[in-house]
Structures are given as structure tokens and as C-alpha cells.
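Following: one structure in C-alpha cells, then a few remarks.
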Amino acid sequence: MCDYNGLSISGLMMHNELALRSKAEIDAGFARIWQVMHDGIERGMNTEGVLPGPLNVPRRAVALRRQAGFPAITSLTIR
């Protein structure tokens with residue numbers, strides 16, 4: 001379908017999404033997904049203790065970040 005329509009996979013997906021919603025709605029959805037991902041990364045990189053759930057799995061990201069010499073994560077950007 002991509003070759004037939006002269007589109008990349010992402011271009012074809014965008015055309016498909018535009019059939020159902022506006023560009024603004026799509027962009028807002030992407031922004032929401034990014035915010036949830038960002039929050040999870042930030043929480044994981046800055047929270048010590050045990051992961052949620054019944055398995056009592058210790059969190060390791062903070063110790064690994066410190067061991068690598070990186071400061072606390074306060075901001076992530078998309079390039």
C-alpha cells in the first residue's frame with residue numbers, strides 16, 4: 001500500500017488516522033503518550049525502593065544512574 005500510494009509507513013498511518021480525527025486531535029494524542037512516557041522514565045530514574053506489585057522487586061535505575069555519574073533526571077526533550 002505504501003508503494004502504491006507513494007507514502008512511507010508513517011505517512012500511510014497518518015493518512016489513516018486523519019480519516020478518523022483531526023491533525024490537532026492526533027497531535028494531542030501524541031503529546032499525551034509522550035507525557036505518560038516521560039513521567040514513567042522520570043519516576044523510574046528518580047525513585048528508590050521497591051517496584052509496585054507483590055513481587056518486592058527492588059528498583060535499580062537510581063543506583064545505576066548514580067553509578068554512571070549522571071545527575072537526577074528533571075527534564076527530557078524530543079529531538
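Where a number appears in this text, it was derived from the coordinates with a stated rule and is not lab data. All figures in this text were calculated on a predicted structure; none of them were measured in a lab. Positions of Cβ are backbone-derived with ideal geometry, glycine not excepted, and every protein chain shown enters the neighbour counts.
Of note:
- Assuming charge only on the beta carbon of Lys and Arg (+1) and of Asp and Glu (-1), the dipole of the chain about its Cα centre is about 380 debye to the nearest 20.
- The chain: angle of helix 23-46 to the longest principal axis, Cα-based, in degrees nearest 10: 10
- Structural descriptor for the chain: relative contact order 19 percent, calculated from alpha carbon pairs under 8 angstrom and at least 6 residues apart.
- In this label model, E42 and M1 are separated by 3.6 nm, measuring between points 7 Å along each Cα→Cβ vector.
- Segments 52-59, 20-27 sorted - mean Cβ within 10 Å per residue, highest first: 20-27, 52-59
- Converting phi to 3J(HN,Hα) with the Karplus coefficients 6.51, -1.76 and 1.60 and the offset θ = phi - 60°, segment 60-72 yields 10, 4, 5, 5, 5, 4, 5, 4, 6, x, 8, x, 4 Hz in sequence order, with x at every glycine or proline.
- Mean shadow area of segment 23-79, taken as a quarter of the surface of its Cα convex hull (nm²): 5.4
- W34 versus E17: modelled label distance in nm, points set 7 Å from Cα along the beta carbon direction: 1.1
- Amide N proximity, segment 9-49 versus A61 label position 7 Å along Cα-to-Cβ, cut-off under 18 Å: 32-49
- Over the chain: helical MRE at 222 nm, DSSP H runs n ≥ 4 each giving -39500 (n - 2.57), nearest 500: -17500 deg cm²/dmol
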